[in-house]
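J.: Here you go, one structure.
The values are calculated or read from the model by the stated rules, or taken from the named source; none is laboratory data. The structure displayed is predicted, hence computed values, not measured ones. Glycine also receives a Cβ, built like all others from the backbone with ideal geometry; neighbour counts cover every protein chain displayed. Just the protein is used for accessible areas: all its heavy atoms, side chains included, with ligands, DNA and RNA removed. Shrake-Rupley method; radii C 1.70, N 1.55, O 1.52, S 1.80 Å.
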Amino acid sequence: MAVSSLRMRVLVTGASGFLGTTLLERVPEGITAIGTSHRRTADLQWDVTDPASVASTIQSVDAGVVIHCAAMSLIGACTRDPEQAFAVNADGAGYVAAAAAARGLRLITLSTDNVFDGTKGGYVEDDERSPINAYGRSKAAGEDLVLANHPLALVVRTATMLGRNRSDRFPFSSFVLDHSSDEPLELFVDEIRSFVPVTTVADALWELVRSDAQGVLHVAAVESSSRSDFGRALLAAAGRTDVEIQDLSSPPGRANDLSLDVTRARSVLSTALPDIAGTISEVLSDRAR
Ligand SMILES: NC(=O)c1ccc[n+]([C@@H]2O[C@H](COP(=O)([O-])OP(=O)(O)OC[C@H]3O[C@@H](n4cnc5c(N)ncnc54)[C@H](OP(=O)(O)O)[C@@H]3O)[C@@H](O)[C@H]2O)c1
């Protein structure tokens, strides 16, 4: 049965991060959101690697739904410290799932296109996962622990999110649009992603709070492109004729095509998932807000 439409309390973990900040900017009518962070400012601070801290926080908030965004989300940081990546992204997600299940709470947890290896592209939810970096491995392990501890949970895998700089995040769209040197902007021609506005992901998550969708769901743009093609289209839409893009091949060890098939999400969501033009338009609007 779908969650009731009466006013509800929703715990947003990782509320000081890129997606969490966006979620808190866009809380729908009828919902009270309570945010957690680790070290930065939020309603509550906790350490998701500490099961006692997780259980007591979830008990004290008394929410009906948890959106679990807290993560070590940077590939480089996870590569440098894979143990901490597993502690946060795998074990921590598992603790959140166990605590939410124990209290009968709906749980939506975030995962990533990086659970795939990028050799195929157009990934559907049931495709075999074979991550090639510590970040992807820790998130794939987190998916497993979440669904083992909370079989009714929803795992939302998303793609590279774009928009205005929030928290300390400098998204790919800013990397392109804020390029100010006279040197060409070097972008990978062989890295395909389903670039999606962070605002779209936030709106989809708020819609999913009130749904009963469970299992795994890919939420991303309906079209994918290479970093260099996307960069060119973004600069053109912004009227930036002063920046030259130089195509580069990505070095070994990076996933090539992580594009996500969003057929299931389109059948579940009324939130519109944009094409490339729609993504660019929303990113430019978001930056202007
Ligand atoms: N950004 C993307 O393009 C992207 C793409 C695909 C999937 N995702 C997934 O989407 C989710 C949100 O990503 P994001 O970009 O918003 O991440 P982010 O900006 O790096 O934010 C991470 C959040 O997690 C919190 N956190 C980190 N370690 C913690 C710990 N030990 N205990 C409690 N909280 C902790 C941080 O708190 P402090 O700020 O206090 O440190 C922060 O609020 C993640 O699951 C990520 O894997 C992101």
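J.: Hey, what do the phi angles of region 266-280 turn into as Karplus ³J(HN,Hα) couplings, whole Hz, using 6.51/-1.76/1.60 and θ = phi - 60°, x for Gly and Pro?
T.: Coupling constants for region 266-280: 5, 7, 9, 9, 8, 4, 6, 8, x, 7, 5, 4, x, 4, 5 Hz.
J.: Please report the spacing between the Cα centers of region 9-57 and region 245-268 in Å, no decimals.
T.: 29 Å
J.: How much net charge surrounds D212 when only the other residues with a Cβ under 15 Å from the Cβ of D212 are counted, with Lys and Arg +1 and Asp and Glu -1?
T.: +2
J.: With a 10 Å cut-off between alpha carbons and a GNM built on the chain, which of A99, A52, A220 moves the most?
T.: In the Gaussian network model the winner is A52.
J.: For region 41-53, just list the computed ³J(HN,Hα) in residue order, Karplus coefficients 6.51, -1.76 and 1.60, θ = phi - 60°, integers in Hz, with x standing in for Gly and Pro.
T.: Listing the rounded values in order: 7, 7, 4, 9, 10, 8, 10, 5, 7, 10, x, 5, 5 Hz.
J.: Here's another thing I want to ask about it. Let me check against my output: what whole-number percent is the relative contact order of region 19-70, with C-alpha pairs under 8 Å and at least 6 apart?
T.: Values: 34 pairs, mean separation 12.4, N = 52.
With pairs under 8 Å counted, the relative contact order is 24 percent.
J.: When the accessible area of the chain is computed with all protein chains present and a 1.4 Å probe, what percentage of it is carbon and sulfur? Mind showing how you got there, number by number?
T.: Working: 6150 of 12430 Å².
Roughly 49 percent of what the probe reaches on the chain is carbon or sulfur.
J.: Also, I was wondering about something else. Residue by residue, what Karplus-based ³J(HN,Hα) values in Hz, rounded to whole numbers, does region 282-289 have, using 6.51, -1.76 and 1.60 with θ = phi - 60° and x for Gly and Pro?
T.: Per-residue couplings from phi come out as 5, 5, 5, 5, 4, 5, 8, 6 Hz.
J.: How high is the relative contact order of region 180-289, in percent, with contacts defined as C-alpha pairs under 8 Å that are six or more residues apart?
T.: Relative contact order, region 180-289: 45 percent.
J.: Let me ask something else about it. Given springs between every Cα pair under 10 Å in a Gaussian network model of the chain, which of T263, T158, T22 has the largest fluctuation?
T.: So, out of T263, T158, T22, the one fluctuating most is T263.
J.: Counting pairs of alpha carbon atoms under 8 Å apart in space and at least six apart in sequence, what relative contact order in percent does the chain give?
T.: Once normalised by length, the contact order is 20 percent.
J.: Which residues' amide hydrogens lie under 5 Å from the amide hydrogen of S111, considering only partners 5 or more residues apart or on another chain, with H built in the peptide plane?
T.: Amide H neighbours of S111: V156, R157, T158.
J.: Let me cross-check F86: its accessible surface, 1.4 Å probe, with only protein heavy atoms counted, in Å² to the nearest 10?
T.: 80 Å²
J.: What does the accessible area per residue of region 118-268 come to in Å², with a 1.4 Å probe and no ligands, DNA or RNA counted?
T.: Accessible area per residue: 42 Å².
J.: Please give the net charge around F170, taking every other residue with its beta carbon less than 11 angstrom from that of F170, where Lys and Arg add +1 and Asp and Glu add -1.
T.: For residues surrounding F170, the net value is +1.
J.: Can you find, among Y95, F188, P82, the residue farthest towards the positive end of the dipole of region 60-212? Put +1 on the C-beta of Lys and Arg, -1 on that of Asp and Glu.
T.: Y95
J.: With the Cα gyration tensor of the chain in hand, convert its eigenvalues to equivalent ellipsoid semi-axes via √(5λ) and list them largest first in whole Å. The partial results should precede the final answer.
T.: Details: eigenvalues 189, 83, 66 Å².
In descending order the semi-axes read 31, 20, 18 Å.
J.: Of V61, G35, T21, which is farthest on the positive side of the dipole of region 2-65, counting Cα position, with +1 on Lys and Arg Cβ, -1 on Asp and Glu Cβ, and the Cα centre as origin?
T.: T21
J.: Then there's this: Treat every Asp and Glu Cβ in the chain as -1 and every Lys and Arg Cβ as +1, leave all other atoms uncharged, and give the resulting dipole magnitude about the Cα centre to the nearest 20 debye.
T.: So the magnitude is around 860 debye.
J.: For region 94-181, what does the alpha-carbon gyration tensor say about shape, rounded, prolate or oblate, given a ≥ b ≥ c as the root eigenvalues, a/c under 1.5 as rounded, and a/b over b/c as prolate? Don't skip to the end; give the middle numbers.
T.: Details: a/c = 2.74, a/b = 1.58, b/c = 1.73.
Oblate, since a/c reaches 1.5 and b/c is not below a/b.
J.: So what's the net charge close to N89: Lys and Arg +1, Asp and Glu -1, counting the other residues with Cβ under 10 Å from its Cβ?
T.: 0
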